[in-house]
1. I'd like to know which of 91, 119, 15 lies farthest towards the positive end of the charge dipole of the chain, counting +1 on Cβ of Lys and Arg and -1 on Cβ of Asp and Glu.
2. Tell me, in nm to one decimal, what length is gained between residue 32 and residue 171 on full extension, where the rule is 0.36 nm per residue of separation less the Cα-Cα distance?
3. Beyond 26 Å between alpha-carbons counts as too far, so tell me which of 97/202; 162/202; 5/187; 162/187; 62/97 fall in that bin.
4. Run lengths n ≥ 4 of DSSP H only: what is the helix-derived mean residue ellipticity at 222 nm for the chain, with -39500 (n - 2.57) per run over all residues, to the nearest 500?
5. Kirkwood hydrodynamic radius, the chain, all distinct C-alpha pairs: what's the number in Å?
6. Out of residues 5 or more away from residue 31 or on other chains, whose amide H comes under 5 Å of its own, with H placed 1.01 Å from N in the peptide plane?
7. Can you work out the FRET efficiency for the pair residue 114 and residue 70, with r the C-beta to C-beta distance and R0 = 30 Å, to the nearest 0.05?
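The numbers here are math on the coordinates, done by the rules we state, and not lab data. It should be emphasised that the depicted structure is a prediction, and the values quoted were computed from it without experimental measurement. Positions of Cβ are backbone-derived with ideal geometry, glycine not excepted, and every protein chain shown enters the neighbour counts.
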Amino acid sequence: MSEAKPTVVVIDDDSAIRESLGSLLRSVGLDVRTLASVPEFVRSGHPEGPSCLILDVRLPGKSGLDFQRELAAENIRLPIIFITGHGDIRMSVQAMKDGAIEFLTKPFRDQDLLDAVQVGLARDRARREEELSLLSLRVRFETLTPREREVMTEVARGRLNKQIAFDIGISEITVKVHRGQVMRKMKASSLPDLARMADKLKALAQKPEAP
């Protein structure tokens, strides 16, 4: 199944700016959603495919910087490009520190914006691919029996079959059978590959759930 087309979301309360940016982005073949405020974005929902957000710093009600912090608090990792006619160094430093792709002061070069958009879309595409990879890893791990999970943990730690057999009270031959099943079910190409999978699963288990 093909991935949904990339979308750039523009949030700016100036209709002329929205129209100008929309035309620019469509001219290079991008899908664009232009909105006047953060509440409009919340109501419209997130795009299905890779996306990035062009966000005016000063908006009616909730500011762009406030919205950036809100997204971060909700663990929504949407790449953000800030645009402003009233920026200062402190503001730009804070935005970049909080993960913004770029902070552009109006008037800015069209190419600077387009370059930043491509960086943002590439970053979001990579994030989505990583999330799909982790989901697939979790699904494969769920197919393991409790004993196979135990053996996987020990194998990933670098323990030998005879050590694992002694520790968990089964025969070495049984360990070998479980180990083979683990490699097959997890689709691991090697022991280092299996160890990397175990590290990712451990990190996922330790990661707090998003609200």
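1. Of the options given, the answer is 119.
2. Numbers: separation 139, 0.36 × 139 = 50.04 nm, distance 6.12 nm.
Length difference between fully extended and current span is 43.9 nm.
3. Pairs exceeding the cut-off: 97/202; 5/187.
4. Working: 9 runs with 122 residues, N = 211.
Rounded to the nearest 500, it is -18500 deg cm²/dmol.
5. On the way: mean 1/r = 0.0496 Å⁻¹.
Result for the chain, one decimal place: 20.2 Å.
6. Placed amide hydrogens put 8 under 5 Å from residue 31.
7. Details: r = 27 Å, r/R0 = 0.89.
Here the calculated transfer efficiency is 0.65.
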